[in-house]
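Written out below as structure tokens is the structure these notes cover.
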Amino acid sequence: MQSRVEALKKSGFKSIFMIMVNPGGFLKNHLKQFHWAVGLTISALAFMLFFLQTGLDMNRAGKLSTGGLLIFMALGLLYGTGGIALLSLLANAISKSYGGDKDYAWTVKAFGLGYTPTLVYVILGIAFNLLAGWNTSIAFGVTGVLWALNPMIHSIKELTSGNLTVSLMLTTALGSITLLGWGLLSLFGS
């Protein structure tokens with residue numbers, strides 16, 4: 001039993017490292033061992049904490065109450081599940097017209113796990129926010145979301161059977177939608 005837990009921990013850290021530095025290799029060699037719900041859990045946590053980070057910055061500036069902070073976290077949780085599920089659905093549907101043969105569960109799993117770098121960045125950002133008093137939603141949060149574009153482009157490249165042009169355009173569009181959604185929801189709190 002102990003060795004299985006250790007193997008899982010080792011595999012988890014290896015997966016985090018792989019998706020950050022070699023997302024293409026991760027998709028080909030490790031994605032199949034994860035359930036789609038794990039992907040949505042990662043993206044839900046990443047966005048909940050990203051919205052918490054943004055809310056802490058806004059709270060420090062006097063623009064958001066503590067109750068508003070809790071609402072903000074709930075919005076992040078919804079955005080990280082429903083929003084990413086919808087973006088995955090959109091990417092999967094578009095990829096079919098470019099010869100894509102991946103199913104929706106694969107896409108949700110790949111997109112959700114692609115937010116692992118975001119999760120790492122926002123955890124670091126919250127630590128700096130709470131320990132050093134820094135406003136960190138741009139430096140750590142947005143940077144984490146941008147870092148997630150690398151796994152996203154590799155996922156879309158797999159979805160479109162290697163079509164790099166479509167992958168770049170679709171990643172740009174979906175990444176822009178992701179950041180625009182965060183920006184619009186951030187206005188809700190101000």
**Complete:** Restricted to region 30-45 and to residues being of a type outside the set (A, V, I, L, M) and closer than 13 Å to I84 by Cβ, the residue farthest from the chain's Cα centre (by Cα) is W36
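For (1) surrounded by 24 or more Cβ atoms within 10 Å (Cβ to Cβ); (2) at pLDDT below 95; (3) more than 17 Å from T54 (Cα to Cα), each residue gets a yes or a no:
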| position | (1), (2), (3) |
| --- | --- |
| Y104 | no, no, yes |
| T107 | yes, no, yes |
| F111 | yes, no, yes |
| V122 | yes, no, no |
| A127 | no, no, no |
| L130 | no, yes, no |
| G133 | no, yes, no |
| I138 | no, yes, no |
**Request:** Would you check if L124 is assigned to a helix (DSSP H, G or I) and under 20 Å from L185 (Cα atoms)?
**Result:** no
**Prompt:** Can you tell me which residue in region 89-102 is farthest from L159 (Cα to Cα), limited to those that are surrounded by fewer than 18 Cβ atoms within 10 Å (Cβ to Cβ) and at pLDDT below 95?
**Reply:** S97
**Message:** Test of understanding: among G80, G62, which residue is within 22 Å of L185 (Cα to Cα) and crowded, with 24+ Cβ neighbours inside 10 Å?
**Reply:** G80
**Item:** The listed residue being surrounded by fewer than 20 Cβ atoms within 10 Å (Cβ to Cβ), closer than 21 Å to W147 by Cα and either in contact with a Gly (Cβ under 7 Å, 6 or more places away or on another chain) or of a type in the set (A, V, I, L, M) (or both), out of L40, L52, L70, L86
**Value:** L86
**Asked** Does L159 meet the test of being in contact with a Lys or Arg (Cβ under 7 Å, 6 or more places away or on another chain), farther than 19 Å from L75 by Cβ and without any contact (Cβ under 8 Å) to a residue 40 or more places away in the chain?
**Response** no
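Yes/no matrix, rows are residues, columns are (1) in a helix (DSSP H, G or I); (2) within 20 Å of the chain's Cα centre (by Cα); (3) on the phi < 0 side of the Ramachandran plot; (4) not hydroxyl-bearing (S, T, Y):
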| site | (1), (2), (3), (4) |
| --- | --- |
| G68 | yes, no, yes, yes |
| F72 | yes, yes, yes, yes |
| L86 | yes, yes, yes, yes |
| G99 | no, no, no, yes |
| W106 | yes, yes, yes, yes |
| A110 | yes, yes, yes, yes |
**Leading residue by the ranking (farthest from the chain's Cα centre (by Cα)) among those in region 133-159 that are part of a helix (DSSP H, G or I) and of a type in the set (F, W, Y)** = F140
**Candidates L168, L149, L124, L184 - the one that is under 14 Å from S95 (Cα atoms) and free of Cβ contacts under 8 Å to residues at least 40 places away in the same chain** = L168
**Fill in**
Filtering region 160-172 down to residues that are crowded, with 16+ Cβ neighbours inside 10 Å, assigned to a helix (DSSP H, G or I) and among the polar types (S, T, N, Q) yields S167, T171
**Request:** Considering each residue of region 173-190, count those that are surrounded by 13 or more Cβ atoms within 10 Å (Cβ to Cβ) and among the hydroxyl-bearing types (S, T, Y), and give that number.
**Result:** 2
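The values are calculated or read from the model by the stated rules, or taken from the named source; none is laboratory data. What you see is a predicted model, and the numbers here were worked out from it, not measured in a lab. As a convention, Cβ positions derive from the backbone with ideal geometry for all residues, glycine included, and neighbour counts pool all protein chains shown.
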